[in-house]
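In what follows, a single structure is set out as structure tokens and then discussed.
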Amino acid sequence: DHGNFDAVINLAARAGVRDSVMDPWIYYETNVSGTLNLLEGSRRNGIARFVQASTSSLYGNNKVPFTEDDPTDRPLSPYAASKKAAEALCHSYHYLYGVKMTIFRFFTVYGPAGRPDLSIFRFIRWIVEGQPVQLYGDGHQSRDFTYVDDVARGLTQSLNIDREYEVINLGSEKPHSLMEVIAEIGSISGRQPILEFLPPQVADVPATWADITKAEEILDWRPETDMSTGLRRTIEWYMANREIARNVAI
């Protein structure tokens, strides 16, 4: 026993749809075996509550907006499949050992110090540095971008609810096309984006869009940061850390 804890929040994961197609093994090891390690550790130490980070990628090509009871049994990428397996393990540990479980399906989380492989970071860097913005497809695919502070607030609020097992979407509820995001970054940064169109990626979906009714009802949660504000904060972070951020491998 390494101490008394009220809950475990598992945010650790190997993320990214396209990279998972290239190296599915590391995604399985991290996202499935890693989650199992934490679940076992929680069980052995008598931790009663577990919060698991999952993903909107599970919904695949379902109708939009996505609701938590939509089917998720046809993942389009190894990444989505690995997160589905992690969710299944969470349910097993809830059923077998009574661990109170909250699973959050995040929708394209972005913000300062965000993942360098994610589109927002790439777009900002390419536009600020005057490099071509690489777009797979026509750029009209849309994503439900969610600011990191809103996600953090949802996570902390979940620790105050007394529920046995819940799956909850956390999203902005206001999808934006990639072209809209690129134009907004260009406007905020005062730079003209240079577009480079590439063939569509087979594992990408045309749209994500969160139905957040459940988050509102259970957590009293709604996103508070609009896209323009979130992008401005993220660009400000990039400019303040430009010497490092411009050289990060993407």
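The values are calculated or read from the model by the stated rules, or taken from the named source; none is laboratory data. Source: prediction; values computed, not measured. So basically every Cβ, Gly included, is an ideal-geometry build from the backbone, and we count neighbours across all protein chains shown. Note: areas computed on protein heavy atoms with side chains; ligands, DNA, RNA excluded. Shrake-Rupley method; radii C 1.70, N 1.55, O 1.52, S 1.80 Å.
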message = Taking a virtual spin label 7 Å from the Cα of residue 160 along the C-beta vector, which residues in the stretch 75-107 bring their backbone nitrogen under 19 Å of it?
response = 101-104
ask   = Which of 90, 195, 101 sits farthest toward the positive end of the charge dipole of the chain, with +1 on the Cβ of Lys and Arg and -1 on the Cβ of Asp and Glu?
value = 195
remark   = Computed for the stretch 31-140: size of charge dipole around the Cα centre, +1 on C-beta of each Lys and Arg, -1 on C-beta of each Asp and Glu, debye to nearest 20, value 320 debye
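Multiplying the sequence separation of residue 117 and residue 18 by 0.36 nm and subtracting their Cα-Cα distance, what value in nm do you get?
Stretched fully, the residue 117-residue 18 segment lengthens by 34.6 nm.
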remark   = Which residues qualify? For residue 66, with a placed amide H closer than 5 Å and at least 5 residues away or on another chain, they are 209, 210, 211
task = Report the full-extension gain for the segment residue 97 to residue 44: residue separation times 0.36 nm, less the Cα-Cα distance, to one decimal in nm.
result = 18.0 nm
note = Gyration tensor on Cα atoms of the stretch 111-156, a ≥ b ≥ c root eigenvalues, a/c under 1.5 rounded, else prolate if a/b beats b/c, else oblate, says oblate
key: Accessible heavy-atom area order of 29, 40, 217, highest first, probe of 1.4 Å   = 217, 29, 40
inquiry  = In Å and on Cα atoms, what radius of gyration and Dmax does the chain show?
reply    = 18.5, 56
request  = Could you give me the percent of Cα pairs per 5 Å distance bin for the stretch 155-214, shortest bin first, beginning at zero and ending with the bin that holds the maximum distance?
outcome  = 3, 12, 14, 16, 14, 13, 11, 8, 5, 3, 0
ask   = Taking only Cα atoms, what is the 0 to 90° angle, nearest 10, from helix 227-240's long axis to the longest principal axis of the chain?
value = 80 degrees
task = Between the alpha-carbon centers of the stretch 108-176 and the stretch 63-96, tell me the distance in whole angstrom.
result = 19 Å
ask   = Applying the Karplus parametrisation 6.51 cos²θ - 1.76 cosθ + 1.60 with θ = phi - 60° to the phi angles of the stretch 206-222, what ³J(HN,Hα) value in whole Hz is obtained for each residue in order, glycine and proline being reported as x?
value = x, 7, 10, 6, 8, 8, 10, 4, 5, 4, 5, 6, 8, 9, 6, 10, 9
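Placing +1 at every Lys and Arg Cβ and -1 at every Asp and Glu Cβ, with all other atoms neutral, what dipole size does the chain have around its Cα centre, in debye to the nearest 20?
Details: 25 positive and 33 negative charges, 98 e Å.
Once rounded to the nearest 20, the dipole reads 480 debye.
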ask   = Looking at the stretch 1-94, which chymotrypsin sites (Phe, Trp or Tyr not before Pro) are DSSP coil and have at most 15 other C-beta atoms within 10 Å of their C-beta?
value = 5
remark   = For the stretch 176-250, shape from the Cα gyration tensor axes a ≥ b ≥ c, cut at a/c of 1.5 then a/b versus b/c, turns out oblate
note = Yeah, the stretch 1-81 with a ≥ b ≥ c from its alpha-carbon gyration tensor (a/c under 1.5 is rounded, else prolate when a/b outruns b/c, oblate otherwise) is oblate
query = By how many nm would the segment from residue 248 to residue 236 lengthen if fully extended, with 0.36 nm per residue of separation less the alpha-carbon distance?
reply = 2.6 nm
message = Just to verify a number: FRET efficiency for residue 33 and residue 213, C-beta to C-beta distance, R0 = 25 Å, to 0.05?
response = 0.15
task = Work out the charge dipole of the stretch 9-101 with +1 on the Cβ of Lys and Arg and -1 on the Cβ of Asp and Glu about the Cα centre, then indicate which of 28, 71, 13 is farthest towards its positive end.
result = 13
inquiry  = Charges at C-beta only: +1 for Lys and Arg, -1 for Asp and Glu. How large is the resulting dipole of the stretch 123-250 about its Cα centre, in Debye rounded to 20?
reply    = 580 debye
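Leaving ligands, DNA and RNA out of it, rank 126, 237, 209 by accessible area with a 1.4 Å probe, largest first.
I get 209, 237, 126, largest accessible area first.
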remark   = If exposed means trypsin sites (Lys or Arg not before Pro) lying in a DSSP loop and surrounded by at most 16 other beta carbons within 10 Å, then the longest stretch of the chain lacking such sites spans residues 64-162
Translational diffusion of the stretch 103-228, µm² s⁻¹ [Kirkwood Rh, Cα pairs; Stokes-Einstein; 10 °C; 1.306 mPa s] = 101 µm²/s
query = Along the charge dipole of the stretch 119-191, Cβ charges K/R +1 and D/E -1, which of 147, 177, 134 sits furthest on the positive end?
reply = 134
request  = Report the net charge of residues surrounding residue 168, where surrounding means a beta-carbon distance below 11 angstrom and charges are Lys +1, Arg +1, Asp -1, Glu -1.
outcome  = -2
